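Notes for the one structure printed next.
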Amino acid sequence: MSGIVGVTTDRYGNAAHYIIYGLYALQHRGQVNTGVVLLDSNQLVMKKGSGQINSLFPDNISMNLPGDRGLGHVKYGEYRKYDIEQPILPKEYDINGVNCMISLDGNILNPDFSLYKLTKALNSSLAEGKAYLSKLQGAFAGIYMDPYKMIGFRDPYGLKPICAGRLNEGYILASETCAIDSCGADLIRALDLGEMVVIQDKKIDFYKYSEQKTKKSCVFELVYIARPDSYLEDVSVYRARNRMGQKLYEEYPTDGDIVMGAPDSGLIAAIGYAEASQIPYKDGIIKNRYIGRTFLTTNEEERLKDIYIKLNPVKEVLKDQRIILIDDSIIKGSTSRRTVKMLREAGAKEVHVRISSPMYRYTCNLSMDVPQEEALMAHNKTCEQIRKEIGADSLYYLSYEGLLEACKGSEFCDHCITGNYPIDYSEN
Ligand code: SF4
């Protein structure tokens, strides 16, 4: 998965800081690589590298960079085939005499897919862009840019999010609304499924390129991926996660002394659980906020080391308590096992784990970077087997119906939960 942002402004030298602010807001979508490319009619400036945005721009030099437009990209790429650094190299994309570039979040499955062909089609004309996009299968959102126009697009099932906003002096496209907010822009709206947006000559126009009507947004954007202060269409990610916690309690009330969230992934659902149960919410683990997101650390050994460097239990809160620990998911199980162990070592009397989504059983080749099924904790295991493996006193997962109620919708991809693949290949 990735975070993408594109900016066009009326003022020379003004794009860089918006892109950088946007990437800071989207950093949760990827911490492995960061790229920024700035463009104007005469030159381009490209900065790409491994790590986070602050390692690419350590001295806040953005104010001195040229360009009235540009793209930014943050990437997580442990299991994905697009391990190229984005935005894609503009020099190779000099089409019809202009520099073109593109950033993608997602995964396009067509065996003959080529970023060059997509970029060329978007450069050529609206009709060619629409025709090329309509042939693509997969979960994707992207931004194309040249010195004259910026084009955003979203896949025909709406699996990946992308939205448009208005700056004082231009426009911004970004994976999530939190990036629009962080640039002080006004949200225009999210792109619809199978839709593209063209920003050219200070105008913004939306076009449908696909007749596909079945929406299948990635439900894990609401569960895990998106930032809680974002909106996906008109659904608040915060409210959805809070309701997941409430539903967990409604479905499976549990006696306990304190409710706590696994940092940071379970915090909002834990607040919802505490509100519904009237059991006090406590911070039982303190997170060192200067270390990156554990799930996004690519090496398993490093990840396990990270957990101890990153998290420290508050013995004062945990000792002799029956703890209800809320997390958003169990992917490989190693983090849950360590967290339960950590709570017990800190003196917890009981640890009851509650997961605010159903079992993650099948690997995702569309949106989320997860390992193959053999490595997924819930693949071919019962809840009781998982409970034993993570060492909890009890374990309960939110039902799929509960998840849909919490998300206030039903138009979601659920392949990782049910095994039902959302894309019908025969349609194309
Ligand atoms: S399989 Fe799961 S993680 Fe992947 S797109 Fe579907 S809902 Fe999202």
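The values are calculated or read from the model by the stated rules, or taken from the named source; none is laboratory data. All values reported here derive from a predicted model rather than from experimental measurement. FYI the Cβ positions are ideal-geometry reconstructions off the backbone, even for glycines, and counts take in every protein chain you see.
Working only within segment 195-226, note down all residues that are within 16 Å of the ligand (Cβ to nearest atom) and under 20 Å from the mean Cα position of the chain (by Cα).
First, pick out the residues of segment 195-226 that are within 16 Å of the ligand (Cβ to nearest atom): 212, 214-226.
Of everything in segment 195-226, those that are within 16 Å of the ligand (Cβ to nearest atom) and under 20 Å from the mean Cα position of the chain (by Cα) turn out to be 215, 216, 217, 218, 219, 220, 221, 222, 223, 224, 225, 226.
Of the residues 329, 336, only one is within 30 Å of residue 105 (Cβ to Cβ), within 14 Å of the ligand (Cβ to nearest atom), in contact with a strand residue (DSSP E or B) (Cβ under 9 Å, 6 or more places away or on another chain) and assigned by TED's automatic domain parsing to the domain that holds residue 283; which?
Details: 336 fails: within 14 Å of the ligand (Cβ to nearest atom).
From the options 329, 336, the qualifying one is 329.
Yes/no matrix, rows are residues, columns are (1) in a loop (DSSP other than H, G, I, E, B); (2) out of contact with any Asp or Glu (no Cβ under 9 Å at 6 or more places or on another chain); (3) within 11 Å of the ligand (Cβ to nearest atom):
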residue	(1), (2), (3)
323	no, no, no
358	yes, no, yes
387	no, no, no
417	no, yes, yes
420	yes, no, yes
Test residue 158 against the stated conditions and say whether it is under 23 Å from residue 20 (Cβ atoms) and either assigned by TED's automatic domain parsing to the domain that holds residue 14 or part of a strand (DSSP E or B) (or both).
-> no
If only one of 392, 378 is in a loop (DSSP other than H, G, I, E, B) and within 14 Å of the ligand (Cβ to nearest atom), which one is it?
-> 378
State which residue is modelled with the highest pLDDT when the search covers only segment 411-428 and only residues that are farther than 27 Å from residue 334 by Cα and either of a type outside the set (Ser, Thr, Tyr) or in the same structural domain as residue 253 (by TED's automatic domain parsing) (or both).
-> 412
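Specify which of the listed residues (260, 244, 196) is in the same structural domain as residue 318 (by TED's automatic domain parsing), crowded, with 19+ Cβ neighbours inside 10 Å, on the phi < 0 side of the Ramachandran plot and not in a helix (DSSP H, G or I).
Numbers: 244 fails: not in a helix (DSSP H, G or I); 196 fails: in the same structural domain as residue 318 (by TED's automatic domain parsing).
Step by step, each of 260, 244, 196 is checked, and only 260 is in the same structural domain as residue 318 (by TED's automatic domain parsing), crowded, with 19+ Cβ neighbours inside 10 Å, on the phi < 0 side of the Ramachandran plot and not in a helix (DSSP H, G or I).
Hey, can you tell me all the residues within segment 1-14 that are assigned to a loop (DSSP other than H, G, I, E, B) and over 22 Å from the mean Cα position of the chain (by Cα)?
Taking segment 1-14 and keeping what is assigned to a loop (DSSP other than H, G, I, E, B), we get 1, 10-14.
10, 11, 12, 13, 14, listed by residue number.
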Among residues of segment 195-212, those that are farther than 17 Å from residue 123 by Cβ and of a type in the set (Ser, Thr, Tyr), counted = 1
